[in-house]
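The values are calculated or read from the model by the stated rules, or taken from the named source; none is laboratory data. Since the structure is predicted, the reported quantities are computational estimates derived from the model, not experimental observations. Cβ atoms come from the backbone with ideal geometry, glycine included; neighbour counts cover every protein chain shown. Accessible surface is based on the protein model in full, side chains and every heavy atom, while ligands, DNA and RNA are left aside. Shrake-Rupley method; radii C 1.70, N 1.55, O 1.52, S 1.80 Å.
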Amino acid sequence: MTCMARLFRPVALITVSVCAGASLGQGVMPPLAKPRVVNDNYFGVSVDDPYRYFENKADPEVVKWMKAHNDHARSSLARIPGRQGLLENLMRYDASVSDRVTQVRRLPAEIYFMERRGAADNQFKLVMRQGLTGKEKLLIDPQALENRTGKPHAINWFSPSPDGSLVAFGMSKQGSEAAVMSILNTRGGGTLGAPIARTDFGGVDWSPDGKAMVFNQLQALRKGMPQTQKYQHSQTYLLRIGSPPASARPVFGTAIKGLAIGPAELPFVNLTHDGRWAIGTVSNGTQRELGLFLAPQSSVLAGKPQWKRIVSAADAVTSVAYFGDTLYMVSHKGAPRSHVIAMNLETPNIQAAKEVIAESQQVVVNVAAAADALYIESRDGNVKRLYKRAYVPTANAVEVTLPVQGSFELAGDGVNAADPRLPGVTIDLQSWTRARQVFNVAADGSARNTGLQPAGPFDAPADIVATEVKVKSHDGALVPLSIIHRKGVVLDANNPTLLYGYASYGITEEPFFSVGRLAWLDAGGVFAVANPRGSGVYGEDWYKAGFQSTKPNTWKDFIACAEYLIAEKFTQPSKLGILGGSAGGILVGRAMTERPDLFAAVIPAVGALDSLRFETTPNGIPNIPEFGSATTEAGFTALLAMSTYANVKDATSYPAVLLTHGVNDPRVEVWQSTKTAARLMAATTSSKPVLLRLDFDAGHGIGNTKKQQFEERADMYSFLLWQMGVAGFQP
C-alpha cells in the first residue's frame, strides 16, 4: 500500500482450547485468543469487533500471543521437507548474477549514482562512478550500521546535487521507514552537519548551483498528540548548505499563509534546472490528482516564496515535467486514458493549456523532460511504449523502438529517468521472461544496454512463456490475466498454481521478471497475474470501477480469473493459491471470504484486512481518498464491504491461510494481520492451518535485507506447495 506519496484497549488475553488444525505436522498450536467484543454502531448498523484489544500491540499479553503464534508458524514452516531446498534454489538463482543494481541516476559529465547489492551482500549500498566503465566509489553501506547496532538498516531514498559533489540520503532501521537524512560530500569530505530526522519521504531538490536544498519533513508529535497526526502538516523546508539544520525554514506547506493547503496534503518543491521557477506540488494522501503552485525560484531561495496556485485536483493532473518555461502535464480530465497538455508558465492558465499528445487507445502514464525532447510513457495493453516529442510547437510524438517488449517507468517512487540538462533517458527494461537491464536511450532513438546491471545465466530462460488472456467477469468486463508457465504445460488440472493481484490506487501489475518465480516454476508451478478493476491497466474508468463503492468488482474480477484457470484445466481448487500484499490484502482476503471453496491456500502479506479501523492509524488518514471514511455513510458501507476481518463468518470451512507481517510496519499496522488471524482461527471448521508469520525486525517490506526476503519467499512457496499436496513438501 502506498504511504502518501502509502486506539488501545489493554485487556489481558485468556487462553482457550487448541484448534483442530494442530495435528498436521505443525506441533502444538498455541491457544486461541478469547474474544472481547467491542460493538460499534455505524449509521444504524451494528458491527462487532472481537479483537479490538489487539490494536495495543505493546500490551505484554498481546506481544506474548504474537510471539507464540510467530514461533509456531516458523517452526511449522521449517518442518516442511522441501522448504530448505526451495530456499537454496532461490539463493542459487540470485547468486548467479554478481550484482543487483537499482535506482540508477545519470548526471552531466557522465556521473552515475546507483544502489548496488553484491552476491555476498545482504543489503543495497549507495555507490557512484564516473562513466559507465569508470572506477566505482562506495558512498553508503547500511551493513556497517547493522554490524554496529545489531539492527538491519536500509537506504530509503537518495538525491545527488546537480554536479554530484553532494548527495542527500535517508536511512532507517528495522523496516520502519522512519528516515533520517544526512548530506554526504562525495569527494571525501564526510557528512555535512547533523542528521535531520522525520524525513521519511525525502522530497529533496537542489538549487542549480547546489548551494541550497529543499526537503520534506514530518511534524514532530508533541506529547498528547494522536498518532493520526503523524503524516499531517508536513512542510517543505529550505536549507543552505553548510548552515545548521536548525536554520532550515519552511517555504511550502500549511505553515505558509494563504495557500489553502489541507493538513493531509503532502507538499514538495521542485527547483527548475534553469533557475527560473519553483514548482510546488501537493497530493492529498494517496490521491493521484495533484495540486500545483508556482513561484519565482529566487523568492523561494530567499525564504520569501511568492506562490500562486496554477492547478487544482479537479484538473486531474497526475504527472508533470518542465522545460523551457513550459509545464507539460498528463491529465485524465475529459480523457479517461489521459492526454498531455502544455502550459506556458509566463502566463499560467490551465484553461488555455494546449494539447500536445491526444488521447488514444493507449494509456498515457508519465512524462519526463530531457534536453532533446519530451519523453512519454504509454501503456498499450500490458506492454509499455516509449515516445519522444521535440519541443517545437508543431512536433509530433514518435515511438522509440525498445529492445524488449515489457515495462519501464519514466517517473515514480525513486525513478528519475530524465535530466533536462542531458539528452535521452535512462530506463530499466524487463518483461515476464527477460530480466531487468538498464538502458540509455539516446537522442537519435537508439537504445544501448549500459551494462550497469550484470547479466546472468537465467536472465532469458528459453523454456518459459507468458500467455496473455482476457477473462469475462461477473458483469461481462474483460479482465487481463497473464499466465507464466513452462513451455508445454499439461492442461490436466494438476498444476500447482499461484494467482497474484493488487487492484488499488490505479496501480497496474506490469510485466516483471523474478528469479523467485523461477523457483516456483521449478517446483512444477504456474504463476498468474491479474489486473482487476482498481488497477489502471485501461485508464481512469477501469481504476474507478474498482474504487470505494465499486471495490467489490476487484475481488469478483479476481474470482473470475481463478475460475478461468480452473475451467481451462491449468489447475483445480485443491491446487490453487492466491497472494496479495498490502492493499492487495483486500483483494485476496475478500476473495477468500466470498469463495472459501475455491482455494487451497491464501497468503495476505502485510495485508490491509481491517478496513473499518484503518483511519484510526497514522497512514489511514492519507488513504481516505482511496478507500473512503467510516465517518460518512457511503464510506462506511464501502469499507465494511472491503473488510476481510468484518466478513469472516463463524463455522466456515476456510482454506489454509498464511498471514505475514513486519511488526514495525508504518503503512499497514501489524494488528490488521493479528486480528484477522485470531478471527480466522476461531471461525474456521476446516483442518487447515492458519499461520501468523511475523518479523520483529521488519516493516512493510521496504528495506528488507536479502536474507529476510528469501526466507519469507521460501516460507510462502513451501506453504503453498504443502497445502496443494505436492510431493516432497508434505510434513
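Worth pointing out:
- Meets criteria (crowded, with 18+ Cβ neighbours inside 10 Å, closer than 30 Å to Thr286 by Cβ and of a type in the set (S, T, N, Q)) for Thr508: yes
- Residue within the stretch 619-626 that is open to solvent by less than 10 Å² (accessible area, probe 1.4 Å) and in contact with a Leu (Cβ under 6 Å, 6 or more places away or on another chain) present: no
- Figure legend. Inter-residue proximity from the stretch 96-112: first residues farther than 23 Å from Ala370 by Cα and open to solvent by 30 Å² or more (accessible area, probe 1.4 Å), second residues modelled with pLDDT of 95 or more and among the aromatic types (Phe, Trp, Tyr), beta-carbon distance below 6 Å, spacing 6+ or different chains. Indicated pairs: Ser96/Phe458.
- Residue selected from the stretch 470-497 under the condition out of contact with any strand residue (DSSP E or B) (no Cβ under 8 Å at 6 or more places or on another chain) and not aliphatic (A, V, I, L, M), by the criterion nearest to Gly524 (Cα to Cα): Asn494
- Scanning the stretch 473-510 for residues that are of a type in the set (Val, Ile, Thr), more than 22 Å from Arg436 (Cβ to Cβ) and part of a loop (DSSP other than H, G, I, E, B) yields a count of 2.
- Pairs, first open to solvent by 40 Å² or more (accessible area, probe 1.4 Å) in the stretch 356-367, second assigned to a strand (DSSP E or B), C-beta under 9 Å, six or more apart: Ala358/His339; Ala358/Val340; Glu359/His339; Ser360/His339; Ser360/Ser378; Gln361/Asp380
- Those residues of the stretch 75-113 which are within 28 Å of the chain's Cα centre (by Cα), hydroxyl-bearing (Ser, Thr, Tyr) and more than 22 Å from Phe408 (Cα to Cα), in sequence order: Tyr93, Ser96, Ser98
- Members of the stretch 419-431 found to be open to solvent by less than 40 Å² (accessible area, probe 1.4 Å) and either within 22 Å of Ser161 (Cβ to Cβ) or at pLDDT below 95 (or both), listed by number: Asp419, Pro420, Leu422, Gly424, Val425, Thr426
- Any hit, the stretch 345-353, residues being within 21 Å of Val398 (Cβ to Cβ), modelled with pLDDT of 95 or more and not polar (S, T, N, Q): no
- Any hit, the stretch 97-113, residues being more than 24 Å from Ser611 (Cβ to Cβ) and assigned to a loop (DSSP other than H, G, I, E, B): yes
- Matching entry among Ala646, Ala608 (being modelled with pLDDT of 95 or more, in contact with a strand residue (DSSP E or B) (Cβ under 9 Å, 6 or more places away or on another chain) and closer than 15 Å to Glu55 by Cβ): Ala646
- Every condition in (1) farther than 22 Å from Gly620 by Cβ; (2) surrounded by fewer than 21 Cβ atoms within 10 Å (Cβ to Cβ) is met by Met716 except one, and the failing one is (2).
- Some residue of the stretch 293-303 being closer than 30 Å to Gly536 by Cα, touching a Ser or Thr at 6+ places or on another chain (Cβ under 9 Å), buried (at least 18 other Cβ atoms within 10 Å of the Cβ) and not β-branched (Val, Ile, Thr): yes
- Only one of Asn147, Asn122 that is surrounded by fewer than 17 Cβ atoms within 10 Å (Cβ to Cβ), touching a Pro at 6+ places or on another chain (Cβ under 9 Å) and farther than 24 Å from Lys211 by Cβ: Asn122
- Annotation: Arg434 fulfils all but one of (1) in a loop (DSSP other than H, G, I, E, B); (2) open to solvent by less than 20 Å² (accessible area, probe 1.4 Å); the unmet one is (2).
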